[in-house]
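Okay, structure first, notes after.
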Protein chains: 2
Amino acid sequence: TVGASAVFPGASANDELLRLQKDPNQWAMANGNYASWRYSSLNQITRENVGQLRPTWQFSTGVLRGHEGGPLVIGDVMFIHTPFPNRVFALDLNNPGRVIWRYEPTQDPSVIGVMCCDTVNRGPAYADGKIILSQADTTLVALDAKTGKEVWKIKNGDPAKGETSTMSPLVVGDKVLVGISGGEFGVRAHVTAYGLKDGKQIWRAYSVGPDSDILFDPQKTTDMGKPVGANSSLKTWEGDQWKIGGGGTWGWISYDPELNLVYYGSGNPGTWNPAQRPGDNKWSMTIFARDANTGMARWVYQMTPHDEWDYDGVNEMILADNIQVGDKRVAKALVHMDRNGFAYTLNRENGDLLVAQKYDPAVNWASHVDMETGRPQVVREFSTAAGGEDTNTQNICPAALGSKDQQPAAYSPKTGMFYVPTNHVCMDYEPFRVSYTAGQPYVGATLSMFPPKGSDNMGNFIAWDAGKGKILWSKPERFSVWSGALATAGDVVFYGTLEGYLKAVDVKDGKELFSYRTPSGIIGNVNTFTHKGKQYIAVLSGVGGWAGIGMAAGLGGDSDGLGAVGAYKALSDYTQLGGVLTVFALPN
Amino acid sequence: TVGASAVFPGASANDELLRLQKDPNQWAMANGNYASWRYSSLNQITRENVGQLRPTWQFSTGVLRGHEGGPLVIGDVMFIHTPFPNRVFALDLNNPGRVIWRYEPTQDPSVIGVMCCDTVNRGPAYADGKIILSQADTTLVALDAKTGKEVWKIKNGDPAKGETSTMSPLVVGDKVLVGISGGEFGVRAHVTAYGLKDGKQIWRAYSVGPDSDILFDPQKTTDMGKPVGANSSLKTWEGDQWKIGGGGTWGWISYDPELNLVYYGSGNPGTWNPAQRPGDNKWSMTIFARDANTGMARWVYQMTPHDEWDYDGVNEMILADNIQVGDKRVAKALVHMDRNGFAYTLNRENGDLLVAQKYDPAVNWASHVDMETGRPQVVREFSTAAGGEDTNTQNICPAALGSKDQQPAAYSPKTGMFYVPTNHVCMDYEPFRVSYTAGQPYVGATLSMFPPKGSDNMGNFIAWDAGKGKILWSKPERFSVWSGALATAGDVVFYGTLEGYLKAVDVKDGKELFSYRTPSGIIGNVNTFTHKGKQYIAVLSGVGGWAGIGMAAGLGGDSDGLGAVGAYKALSDYTQLGGVLTVFALPN
Ligand SMILES: O=C(O)c1cc(C(=O)O)c2c(n1)C(=O)C(=O)c1cc(C(=O)O)[nH]c1-2
Ligand SMILES: O=C(O)c1cc(C(=O)O)c2c(n1)C(=O)C(=O)c1cc(C(=O)O)[nH]c1-2
């Protein structure tokens, strides 16, 4: 079933995946579809009846640390996964909780020590009768979806150098695309395409380095509408610094089968101390549009040149069509809620920047984005580079974990709106000089985090108008909303909270219609499917991730966990660790 | 509020506990009341509406291994606990899941290696504004129930000698009674009374040894109606063997405030190889009735003299009144479903043996109990002593873990019947010579376990008529029922299964009226209470205990885990580890 699609000539989309992602009875891809909508056209659960939703069955994964990602459903089988040691369970929906098979890779536990932000995993991919899992130790493995037996496996990186993996691979045509983590270890990151059939490497595109490594065509690859020219990355670094330049590719990948382009963002440049790496540090903090067949970059846009705050640009790229921006209707848009607190709307055909607006009014590090140059206008008071080494720059908003982190938003084509789990957190940031040793942390900053002055909520769940660049409504939450959202045709949006509540709110005003306290804080993504004609909602609980790193890794100092421990200390008054799948439905 | 009760003159019962255990809105003692009924007079949840029961909130404990015991509820606060490291959480019922305080003792993890049957704990006791917890390492600690701060703590034993603790202490008057584990390590066990106020030792009664250690009065302490005489224990052991004689006191303790007697059973004699310890090995495998003030034994009854099968006699003693045995009405009875497969009904005033009948038809090691002598009539074919050392005696029923293990039964005074979670498992048993080293396993037998020939269920949930000595009804379960039962005035009985189902059945015929799949296998005990006038059912999930030791301790060989691993291997096809509290209620 692998091959060129009849619908999209010239594209190499995977027919089976194209079919499955259009079938609302399944949940075949981590973010629902190639466009990362996290939307379902199912409408049995509505704003009128969602209040009656209840858990119908549950399954503990036997793993304690943070559970990101969400279940996949293909036919009568649900696939769930865990953080390190990266177990995968195939569960029988005809006999809920019955384990058809389980897989637990053998991994050297020393990898735990080089994972920056908990031992999370955002879930495997399904394609062609295989479950593709990117393990913590960067082993990419294809399992037979029927038996759980290994079909092939390869190593994408080396944990001894700080290379790890947390991301969810994306299958495009006959290729598996996978990124790599290690921005806090001076890893020069890449996205790599492997053959779906055999795991053979097809292309690799680094985030930083020579044009041949980053797969740029100086003439054809564009930035803000212009060719990037030769050595566009190299010339923004001093000397060899690009070799430990970071630009992690640990986030989400989207795909447009018509354009045959994949979209993803890169993370922070190596060391959080900006004084040690003069220049724009391209192409860290960048949105990439690449040809799926070759990996060649079509266009790029760097959101945070010369990062001074750890605002990784890896959040999901939502591909939405026919967005009205002023008097222009944008046929093919890309919407991206960046860590830096700006929400970007671009033309995904050519990378034109259409909208860049703050989606949390607390954002203060930049006044605005200059729409001519695409550059944020940095406010000196909150520039850690201006402050300089060993100076504590205070009250920067957002904190390093951004106005939003990895937790994916949802897009409803029915309302045309985006439903975004956000953080509402600020920080003090003190850069210091650090030297690089392979496999050792290469951070170079001490942070502390806290809610914005005058706020006592550390998160909001918001509805965003990506054409206008405006918040439609905003629902405060005690802690950051670290769970992925789900929008449905029933006019309800679902998300989880760090205390452990699964919530459903009304698309139109964010009014809370349902809430249930699952066993542990939710940093997983809510998914939906049907079984025997009935709609179910499923989510993994299990607090952790960067926000929950204090509990997950047993850390206690306020500036531990790269500054997150102090801010989320109160979390342990509400929840404890523990991975559990909960499946919800309406009463019969 | 500690002092002599006005209702029961001469008794030293704790007034507050007597009051609390009569209030069905609370669940103040591990087994519901001093009589270990596990019964509630609440009747909002009935056979008619129990099908609508649903989870209302949950709380993950952050601990993976087996969760035995159950929640306590005092006023608006619920107290839950975990296996090692023995965390205790006080949860606010007015704000479900909100942690009022949490306690986590610092314990040397080496204790894990000397716990025979998982790192379980059967829960703390409440009394006098204190939560009394017996930690794995035998530290007995009293916490302020309001703040979780330590009031006092003492050491009851020494893990370096294999002394550990899993049991739930019982508060009687101004004393805390606590036993000790270590039957598989040659520990000479005891029950000890400590002052509730300050933790000072008041009395200690060993299971085996000189009369002064076992607190026997040769003239006044009786066995089958006759004085035991001098050295009743010593003369049933060869030489000094009693010093490593076992007789673990790791089970439940009951109390009759009118008689001021406490009741409990002792476990297996040291080494499972009977050839190494000729004699009756008194008072292992014995029911004790002791004066609560002094510890002096009033009467004893040894169920399994010279144990050859590890049939620890520690299961709960249920104190029921007005049981009709033949044409006799027994005002004060004690009903005990022993590991050895016989259910005993005794007169608890004097120890008279009234009924001893098999409660699983599979039981084959003894044909019957001689009612004159009280001795089981052993079937030679299934005698591991007759088989001898290094001989594998086969198809003995029950297996070492008994027709029932620690999982407590429930008694309904409304129906007069006992609702018993049972095991339906047999074994092969090969004794071998072993030598004693302090702190090292002193087992001396290799076991394998399996369902009885012709059965494919490994457990039954039964209703037992203790007067007639007959099974009223029996409901098969795939695995042994390792969870404690709860009977209610709503005419439904609750229990959990190793797959993780909480079930409710009709008292009259065992018909299943409700079942919900909680996150993990249930070995905890089901409790009930009200909050703001509404009835709730609460249970801890978290597979483990001896039956779940394979998963809990990560063991794989069939005869690992003292023979349990092979028998329960299929469990991991149904559930995984993880401690979660689930609170159920009817819809509003
Ligand atoms: O630079 C990197 O390589 C890298 C990796 C990861 C990761 O793999 O989880 C995170 C981050 N950075 C990061 O900056 C971040 O905020 C973050 C949050 C989380 C999480 O799962 O909660 N992971 C990561
Ligand atoms: O002899 C002992 O000291 C001792 C202790 C324990 C315990 O403390 O849990 C068990 C046993 N024996 C035992 O024989 C047994 O069947 C058993 C089951 C369990 C359990 O919690 O599932 N514990 C124990």
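The values are calculated or read from the model by the stated rules, or taken from the named source; none is laboratory data. For clarity, every value in this text was computed on a predicted model and none was experimentally measured. Neighbour counts run over all protein chains shown; Cβ positions are idealised from the backbone, glycine included. These area figures cover heavy atoms from the full protein model, side chains too; ligands, DNA and RNA do not enter into them. Shrake-Rupley method; radii C 1.70, N 1.55, O 1.52, S 1.80 Å.
Residues in region B:284-309 that are over 23 Å from B:C397 (Cα atoms) and open to solvent by less than 20 Å² (accessible area, probe 1.4 Å): B:F288, B:A289, B:R290, B:A292, B:G295, B:A297, B:W299, B:V300.
Close Cβ contacts (under 8 Å, 6 or more residues apart or on different chains) running from residues in region B:537-548 that are more than 14 Å from chain A (Cβ to nearest Cβ) and of a type in the set (A, V, I, L, M) to residues that are open to solvent by 10 Å² or more (accessible area, probe 1.4 Å) and within 16 Å of ligand 1 (Cβ to nearest atom) are absent.
Mind telling me which of the residues A:T530, A:T582 ends up being within 11 Å of chain B (Cβ to nearest Cβ) and touching a residue at least 12 places away in the same chain (Cβ under 8 Å)? Write out each step before concluding.
Working: A:T530 fails: within 11 Å of chain B (Cβ to nearest Cβ).
Sole residue among the options that is within 11 Å of chain B (Cβ to nearest Cβ) and touching a residue at least 12 places away in the same chain (Cβ under 8 Å): A:T582.
From the list A:L133, A:L91, A:L64, the one residue that fits, being aliphatic (A, V, I, L, M) and open to solvent by 40 Å² or more (accessible area, probe 1.4 Å), is A:L64. If you go through region A:440-495 and pick out every residue that is assigned to a loop (DSSP other than H, G, I, E, B) and buried (at least 24 other Cβ atoms within 10 Å of the Cβ), you end up with 9.
Residues of region B:86-102 include none that is in contact (Cβ under 8 Å) with a residue 12 or more places away in the chain, away from chain A (no Cβ under 14 Å) and in a strand (DSSP E or B). Exactly one of these conditions fails for A:G62: (1) within 22 Å of the chain's Cα centre (by Cα); (2) in a loop (DSSP other than H, G, I, E, B). Give me its number. For A:G62, the exception is condition (1). Given the condition in a loop (DSSP other than H, G, I, E, B) and within 14 Å of ligand 2 (Cβ to nearest atom), answer yes or no: does some residue in region B:282-300 qualify? So far as region B:282-300 goes, yes, one or more of its residues are in a loop (DSSP other than H, G, I, E, B) and within 14 Å of ligand 2 (Cβ to nearest atom).
If you go through region B:140-175 and keep only what is buried (at least 21 other Cβ atoms within 10 Å of the Cβ), assigned to a strand (DSSP E or B) and touching a Ser or Thr at 6+ places or on another chain (Cβ under 9 Å), you end up with B:L140, B:V141, B:T164, B:L170, B:V172, B:K175. Residue pairs whose Cβ atoms lie under 7 Å apart, sitting 6 or more positions apart in sequence or on different chains, and linking a residue in region B:112-128 that is open to solvent by less than 20 Å² (accessible area, probe 1.4 Å) and assigned to a loop (DSSP other than H, G, I, E, B) to a partner that is near ligand 2 (Cβ under 9 Å from one of its atoms) and of a type in the set (A, V, I, L, M, F, W, C), are B:R122/B:M167.
Can you pull out the residues in region A:369-384 that are open to solvent by 30 Å² or more (accessible area, probe 1.4 Å) and farther than 21 Å from A:V425 by Cβ?
Across region A:369-384, the qualifying residues are A:D370, A:M371, A:E372, A:T373, A:R375, A:Q377, A:R380.
Would you confirm, using the coordinates I've provided, whether B:S254 is more than 16 Å from ligand 2 (Cβ to nearest atom) and under 17 Å from the mean Cα position of the chain (by Cα)? Yes, satisfied.
Do you know which of the residues in region B:65-85 that are part of a loop (DSSP other than H, G, I, E, B) and over 23 Å from B:G544 (Cα atoms) is farthest from the other protein chains (Cβ to nearest Cβ)?
Of the residues in region B:65-85, the ones part of a loop (DSSP other than H, G, I, E, B) are B:65-71, B:75-76, B:82-85.
Retained after the next criterion (residues that are over 23 Å from B:G544 (Cα atoms)): B:75-76.
Numbers: B:G75: 20, B:D76: 16 Å.
Checked region B:65-85; the qualifying residue farthest from the other protein chains (Cβ to nearest Cβ) is B:G75.
Of everything in region A:185-203 that is assigned to a loop (DSSP other than H, G, I, E, B) and either under 14 Å from A:I154 (Cα atoms) or at pLDDT below 95 (or both), the residue that is nearest to ligand 2 (Cβ to nearest atom) is A:G199.
B:G444 falls short on exactly one of the conditions (1) at positive phi; (2) in contact with a Cys (Cβ under 6 Å, 6 or more places away or on another chain), and that condition is (2).
Return a yes/no flag: does region B:328-346 have any residue that is more than 16 Å from ligand 1 (Cβ to nearest atom), at pLDDT 95 or above, more than 22 Å from the chain's Cα centre (by Cα) and acidic (D, E). Within region B:328-346 (the criterion being more than 16 Å from ligand 1 (Cβ to nearest atom), at pLDDT 95 or above, more than 22 Å from the chain's Cα centre (by Cα) and acidic (D, E)), the answer is no, since none of the residues qualifies.
Return yes when A:V363 is more than 22 Å from A:W309 (Cα to Cα) and either more than 16 Å from ligand 2 (Cβ to nearest atom) or part of a loop (DSSP other than H, G, I, E, B) (or both) and no when it is not. Answer is no for this residue.
For region A:508-518, the count of residues that are surrounded by 24 or more Cβ atoms within 10 Å (Cβ to Cβ), more than 14 Å from every other protein chain (Cβ to nearest Cβ) and at pLDDT 95 or above is zero. All of A:L555, A:L586, A:L502 fail the test of being over 19 Å from the mean Cα position of the chain (by Cα), more than 16 Å from ligand 1 (Cβ to nearest atom) and open to solvent by 20 Å² or more (accessible area, probe 1.4 Å), apart from A:L586.
Here A:I523 passes the criteria (1) more than 11 Å from chain B (Cβ to nearest Cβ); (2) farther than 30 Å from A:E430 by Cβ; (3) open to solvent by less than 10 Å² (accessible area, probe 1.4 Å) except the one numbered (2).
Among the residues of region B:562-569, not a single one is open to solvent by 10 Å² or more (accessible area, probe 1.4 Å), among the hydrophobic types (A, V, I, L, M, F, W, C) and within 13 Å of chain A (Cβ to nearest Cβ).
Can A:D108 be described as more than 14 Å from chain B (Cβ to nearest Cβ) and either in contact with a Cys (Cβ under 6 Å, 6 or more places away or on another chain) or surrounded by fewer than 17 Cβ atoms within 10 Å (Cβ to Cβ) (or both)? Before the answer, list the steps.
Details: more than 14 Å from chain B (Cβ to nearest Cβ): yes; either in contact with a Cys (Cβ under 6 Å, 6 or more places away or on another chain) or surrounded by fewer than 17 Cβ atoms within 10 Å (Cβ to Cβ) (or both): yes.
It is true that A:D108 is more than 14 Å from chain B (Cβ to nearest Cβ) and either in contact with a Cys (Cβ under 6 Å, 6 or more places away or on another chain) or surrounded by fewer than 17 Cβ atoms within 10 Å (Cβ to Cβ) (or both).
Conditions tested, residue by residue: (1) among the acidic types (D, E); (2) under 25 Å from A:P587 (Cβ atoms).
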site: B:I462; (1), (2): no, no
site: B:D465; (1), (2): yes, no
site: B:S480; (1), (2): no, no
site: B:G484; (1), (2): no, no
site: B:K503; (1), (2): no, yes
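Against the criterion of being more than 13 Å from chain B (Cβ to nearest Cβ), touching a Lys or Arg at 6+ places or on another chain (Cβ under 7 Å) and at positive phi, A:D491 qualifies. Restricted to region A:104-154, and to residues that are over 24 Å from the mean Cα position of the chain (by Cα) and hydroxyl-bearing (S, T, Y), which residue is nearest to ligand 2 (Cβ to nearest atom)? Among those that are over 24 Å from the mean Cα position of the chain (by Cα) and hydroxyl-bearing (S, T, Y), it is A:T106.
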